[in-house]
Amino acid sequence: MLELIGIFSFTIILLIVIGFIFFNVAGFIKPTTVQIQLFGIHLTIFGGFIINDMLVIGFLIMLLGLAIGLYGSFKDSDSFNQTEENKN
C-alpha cells in the first residue's frame, strides 16, 4: 500500500513538472531564474523526506528536483546572452 501511494505521489509531481515546463515553453508563465531554482530545491527536499520510507520514489523525486534546478541555472545564461546580443 505504501508503494502505491509513492507511485501515485510521483505521478502527480511528474504531471506538475510537465505542466510547468509546458506552460513555461508556451509562454503562459514567465518565472524568474530564482523561482525555477526554488521549485527544484523544494522538489529535492521533498524527495529527501520521502526517501526515508520509499527509497526509489524519493530518489527519483530528488533527481527531478535537481534537473529542474539545473534547468533554471541554464535558463539564466540564455537570457544573459540574449540581452548582450540586443545591446550590440
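The values are calculated or read from the model by the stated rules, or taken from the named source; none is laboratory data. Given the structure is predicted, the values throughout are model-derived calculations rather than measurements. Heads up, the Cβs are rebuilt from the backbone with ideal geometry, glycines too, and the neighbour counts pull from every protein chain shown.
Numbers below:
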{"quantity": "Search result, residues across region 22-53 that are exposed (fewer than 13 other Cβ atoms within 10 Å of the Cβ) and closer than 19 Å to PHE10 by Cα", "calculated": "PHE22, PHE49, ASN52, ASP53"}
{"quantity": "Residue check for PHE10: at pLDDT 90 or above and surrounded by 11 or more Cβ atoms within 10 Å (Cβ to Cβ)", "calculated": "no"}
{"quantity": "The lone exception for LEU38 - which of (1) within 10 Å of the chain's Cα centre (by Cα); (2) of a type outside the set (Lys, Arg); (3) closer than 14 Å to ALA67 by Cβ it fails", "calculated": "(3)"}
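Rundown of residues vs (1) at negative phi; (2) in contact with a Ser or Thr (Cβ under 8 Å, 6 or more places away or on another chain); (3) at pLDDT 90 or above, yes/no style:
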site	(1), (2), (3)
LEU15	yes, no, yes
ILE18	yes, no, yes
GLY40	yes, no, yes
GLY48	yes, no, no
ILE57	yes, yes, no
LEU63	yes, no, yes
ASP78	yes, no, no
ASN81	yes, no, no
GLU85	yes, no, no
